[in-house]
1. Across the range 534-591, what is the number of residues that are over 23 Å from Thr622 (Cβ atoms) and part of a helix (DSSP H, G or I)?
2. For Gly210, indicate whether it is of a type outside the set (A, V, I, L, M, F, W, C), within 28 Å of the chain's Cα centre (by Cα), outside any strand (DSSP E or B) and crowded, with 16+ Cβ neighbours inside 10 Å.
3. Just for the range 626-639: of the residues that are under 27 Å from Thr264 (Cβ atoms) and surrounded by fewer than 20 Cβ atoms within 10 Å (Cβ to Cβ), which one is modelled with the lowest pLDDT?
4. Of all residues in the range 117-156 being outside any strand (DSSP E or B) and within 15 Å of the ligand (Cβ to nearest atom), which is farthest from Ala387 (Cα to Cα)?
5. Which ones in the range 146-159 are among the hydrophobic types (A, V, I, L, M, F, W, C) and surrounded by 22 or more Cβ atoms within 10 Å (Cβ to Cβ)?
6. In the range 607-625, which residues are surrounded by fewer than 20 Cβ atoms within 10 Å (Cβ to Cβ), polar (S, T, N, Q) and not in a loop (DSSP other than H, G, I, E, B)?
7. Give Leu553, Leu583 a once-over and let me know the one that is in contact with a Pro (Cβ under 8 Å, 6 or more places away or on another chain) and modelled with pLDDT of 95 or more.
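The values are calculated or read from the model by the stated rules, or taken from the named source; none is laboratory data. Just so it is clear, the model here is predicted, and its values are computed rather than measured. Using ideal geometry, Cβ is built from the backbone for each residue, glycine included, and neighbour counts are taken over all protein chains shown.
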Amino acid sequence: MADTVDRRAAAAELARLRELVAHHLHRYHVLDDPEISDADFDRLFDALRELEAQHPDLFTPDSPSQRVGAAPQDRFASVAHELPMLSLDKCTSGEELDEWLRRIDDRLGAGRAQQISFTAEPKIDGVAISLLYTDGVLTRAATRGDGETGEDVTANVRTIEQIPLRLTGDNVPARLEARGEIYIAIADFHRFNEAAIKSGDKPMVNPRNGAAGSLRQLDSRLTAQRPLSMFCYSAGVIDGWSPDSHWQVLDAFSDWGLRTNPLTARVQGGDALTRYVDDLLAQRAGLDYEIDGAVLKVDDLAAQRQLGNVTRRPRWAMAYKYPSEEASTRLVDVEFQVGRTGAVTPVARLEPVFVGGVTVSNATLHNMDEIERLDLRRGDTVLIHRAGDVIPQVMRVVMSERQKRARRFKAPTVCPSCGTALVFDDEEVVVRCPNALGCPAQQKERIRHFASRLALDIEGLGDKLVELLLAEDLIDGPADLFRLTAEQIAALPRMGDKSADNLINALERSKTTTLPRFLYALGIREVGEATAAALAEHFDGLDAIRAADVAALEEVDDVGPIVAAKIEAFFADPAQAAVVDDLLALGLNWPAHGKQGGTAGDAPLDGETWVLTGTLEAMKRTEAKARLMALGAKVAGSVSAKTTQVVAGPGAGSKLKKATELEIPVMDEAGLIERLAELEP
Ligand code: IVH
């Protein structure tokens with residue numbers, strides 16, 4: 001009796017789970033518009049599989065557990081894959097990884113898993129693609145679809161520059177199907193979304209979604225405008241070549257011009273796999289693309305064949321999944337922050353949630369339009385996404401969880417800091433506080449920026465201290481910092497003679513700086529470290545920059561009409577000009593070098609050409625570039641005989657190879673940091 005009840009309850013629950021899973025699969029794969037986070041979906045899917053395993057008699061062949069992915073829409077021609085595109089088994093712990101290795105031992109012989117080679121690769125979080133090359137020419141590109149049948153997206157794929165239309169090199173097979181992942185790099189994603197938001201277009205929800213949506217545009221001209229990238233990670237059909245190992249396939253791919261992931265490694269035995277998984281996870285936040293795990297593959301193709309597949313999943317491969325970078329949490333409030341340039345931006349205050357390896361309690365909302373677009377209400381459950389070293393984003397509201405009569409957020413009409421009426425900056429779609437020099441919030445942000453690491457780098461001048469100095473009316477702007485006395489500082493709460501002396505010394509030290517740092521510190525709108533360095537490099541000192549008109553400024557690399565106008569307006573503003581003069585009168589100075597003062601050859605790295613390649617972990621590439629340029633070096637994008645020094649981080653590929661061939665000195669990031677410390681004033 002109890003059994004029948006249990007069985008009936010299980011059948012009902014199975015039906016419910018199947019319907020729910022099918023619904024979310026459709027949202028994800030067909031509409032590119034998921035409603036729940038990947039982690040929530042995985043839980044749902046696991047629950048379904050578990051219940052099915054407990055009740056094998058209730059199994060139905062049409063259960064969504066039997067088909068990952070969904071049927072293609074009929075807008076693109078269907079493509080039947082000659083060899084199915086398989087899925088991967090996944091694990092999330094060392095124990096599960098060991099179980100997999102034991103299963104390999106069971107089939108290949110005891111102890112084999114510790115002896116054989118594996119390839120270990122990042123699991124790219126994008127969209128799977130199959131590229132067919134016939135006599136070396138790209139003849140068809142298809143999405144994975146349900147693994148058996150995909151969609152013909154050749155026209156779209158042809159627009160992706162990273163994908164060769166014709167293979168290069170020797171011994172290209174008569175037919176070759178290269179498979180891999182199309183994705184959007186994190187920096188490209190942010191660049192694209194910033195532009196989309198500025199022009200009032202819909203931003204992408206996350207890089208994976210953006211890649212999927214871009215690939216499935218019916219108009220390939222739209223795809224062409226999307227910043228798509230690709231890594232190839234396996235071969236499907238090959239006619240006219242029989243490789244022995246997966247590694248050999250990847251090697252041949254690079255020779256033929258197909259992009260492979262530079263973090264791919266060949267390792268031996270289970271312990272090395274665990275190390276790889278840990279190392280890759282440690283690098284995750286610094287990568288410029290999203291990964292959701294590592295893929296581990298038995299390298300030897302004969303061993304792969306021996307191991308075979310179980311229902312669409314190879315026994316020779318395993319996905320080690322990392323913690324999700326998406327999570328849902330509650331939106332507690334929206335606050336309005338006033339930035340350095342007066343722009344008022346909404347910030348979401350969230351119930352703290354662990355995502356992408358950190359606890360998140362704030363997320364950016366860009367501008368007021370974004371609140372409307374997302375239709376945010378107080379108390380909503382929201383899906384947030386955090387990847388790489390970047391600020392978390394709110395992706396969407398989980399509408400099914402919305403409370404009745406949830407209240408909207410009102411846009412402020414006056415500055416939350418100084419009460420001045422806000423103005424709408426049409427050009428940038430932002431609301432701005434026009435009280436540039438008198439608004440306390442702007443003052444604080446300007447001083448913080450002035451003292452920050454890439455600007456004057458004033459040690460010991462933290463957030464709290466800046467707030468205190470402003471509150472005590474000891475300073476109004478950056479120049480006032482240099483008029484502070486040790487007595488004034490020592491009298492502040494929690495500051496003693498010792499810390500006062502330290503700050504005075506730090507201020508004194510910071511007066512000798514570099515022109516790029518000084519320019520950056522001024523906080524001219526649109527002038528970041530790289531532009532500041534380019535300006536210093538191009539002009540003959542500060543006076544020349546101050547005197548330059550828009551036309552002259554536009555001659556600088558990377559400076560367009562908008563940036564040029566901002567720079568000209570900054571120096572033309574009498575109040576800003578007074579600040580600059582004040583700083584100079586207070587003794588701020590920098591060594592003249594390069595073109596400045598005609599003493600060419602003075603800067604420590606004058607005449608040197610550096611190349612940065614691979615991932616930098618301690619600093620951003622733009623920072624490294626700006627600091628090298630400030631020391632007089634040229635920073636180039638490719639290695640040539642003229643290159644004097646290469647800095648190679650993890651994942652360095654062809655540039656490193658070329659540097660070695662040309663016998664150009666190579667250093668790692670630690671070497672760079674040491675060198676910068678020696679040379680910087
Ligand atoms: S190998 C049997 N390698 O993960 C081999 N897949 O869950 C199947 N993926 O559909 C694929 N990075 O979209 C492989 N380095 C990598 C991968 C990778 C991402 C994706 C791929 C596949 C899914 C399987």
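1. Number satisfying all stated conditions: 23.
2. Criteria met by Gly210.
3. Residue satisfying both the conditions and the ranking: Gly637.
4. Within the range 117-156, the match that is farthest from Ala387 (Cα to Cα) is Glu148.
5. Within the range 146-159, Val153, Val157 meet the criteria.
6. Matches in the range 607-625: Thr609, Thr622.
7. Leu583
Let's see how each residue does on (1) at pLDDT below 95; (2) among the small types (Gly, Ala, Ser); (3) over 27 Å from Ala630 (Cα atoms):
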site	(1), (2), (3)
Gly477	yes, yes, no
Thr514	yes, no, no
Phe518	no, no, no
Ile524	yes, no, no
Glu529	yes, no, no
Ala534	yes, yes, no
Asp540	yes, no, no
Arg546	no, no, no
